[in-house]
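First up is the structure itself, then whatever we jot down about it.
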Amino acid sequence: MNPLLPIALLAVLTAAGCASDPQMRDGVLIDDPYEAANRRVHAFNKGVDAHVVGPVANRLKGDGADAGPAPQPGDPIGPVRMMANAGRNLSLPGKALNGLLQGRPGNAGMNALRFATNTTVGLGGLFDPAADSFGWTERDTDFGETLAVWGAPEGAYLELPLIGPSTLRDTAGRVVDIAIDPLGQVLDAPERRAAFALRVGAKATDRARFGDTIDGILQGSADSYAQTRLIWLMNRRHELGEESADIDPYGDDAVIDPYE
């Protein structure tokens, strides 16, 4: 058994068993019993972003990683975009597995089909013929969503070093995603390190595309921690169909749509 699985299961049980006192903040129900520690991690992450991640992302943006909020069919292909394509392609087997675990075979099949097409026709994922030629778009998911489908509670809000906003449930999901990644079972150690580097590169291009928004939140907000927490929780709950978590039990039961 993968040694990461007991840790992940313990984290899931912790998320399910920890009960605190969520509060309404800015119209959103927030469970943040670790706020003091989270703020210290946020200050560290903010410094790393300002001095390392941001400058690197700006360089990538200058090299062609700025074609809209997400890669689109027909976007210019350069070294940066090819690296991002390869990194995203490597995440598809895990997303396909999560689709099956969620009881969504259509999503699983689409991600598997994209991986097969881009790995072969797309030269190892450097190109994206699945989207460009056939219109087969990625079905983004992770084990945090799988846990939500299974009924695991969200748990307390966390900010993780270098990774950023999360919850107890999503943190457990990250660990399980590493443990059950199909590619992790077939690649040797050097290949796993190379795959990890490509995935990090893909995340860096995401930072480049959303750079103006991220800079506005981190550098332009009076309280960047509270703003980051609010936006991340609203968007994550919207992605998972859990907007009911934004209902004030003592208010008018209005659900907040982060895209309204």
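The values are calculated or read from the model by the stated rules, or taken from the named source; none is laboratory data. For clarity, every value in this text was computed on a predicted model and none was experimentally measured. Backbone-built Cβ (ideal geometry, glycine too); neighbour counts: all protein chains shown. Heavy atoms of the whole protein, side chains included, go into the accessibility calculation; ligands, DNA and RNA do not. Shrake-Rupley method; radii C 1.70, N 1.55, O 1.52, S 1.80 Å.
Numbers for the structure displayed
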quantity	calculated
Qualifying residues in region 211-240 (those that are among the polar types (S, T, N, Q) and closer than 25 Å to Leu60 by Cα) - the one nearest to the chain's Cα centre (by Cα)	Thr228
Of the criteria (1) at pLDDT 90 or above; (2) open to solvent by 40 Å² or more (accessible area, probe 1.4 Å); (3) part of a helix (DSSP H, G or I), which one Ile214 fails	(1)
Matching residues, region 89-104, being part of a loop (DSSP other than H, G, I, E, B) and either open to solvent by 30 Å² or more (accessible area, probe 1.4 Å) or closer than 19 Å to Ala152 by Cα (or both)	Gln102, Gly103, Arg104
Tally, over region 129-150, of residues that are open to solvent by 60 Å² or more (accessible area, probe 1.4 Å) and under 27 Å from Gln23 (Cβ atoms)	2
Cβ pairs under 8 Å, 6+ apart, first in region 153-170 and closer than 19 Å to Ala204 by Cα and in contact (Cβ under 8 Å) with a residue 60 or more places away in the chain, second open to solvent by 30 Å² or more (accessible area, probe 1.4 Å) and hydroxyl-bearing (Ser, Thr, Tyr)	Leu160/Thr171
Unmet requirement for Ala84, which otherwise passes all of (1) without any contact (Cβ under 8 Å) to a residue 40 or more places away in the chain; (2) surrounded by 23 or more Cβ atoms within 10 Å (Cβ to Cβ); (3) among the hydrophobic types (A, V, I, L, M, F, W, C)	(1)
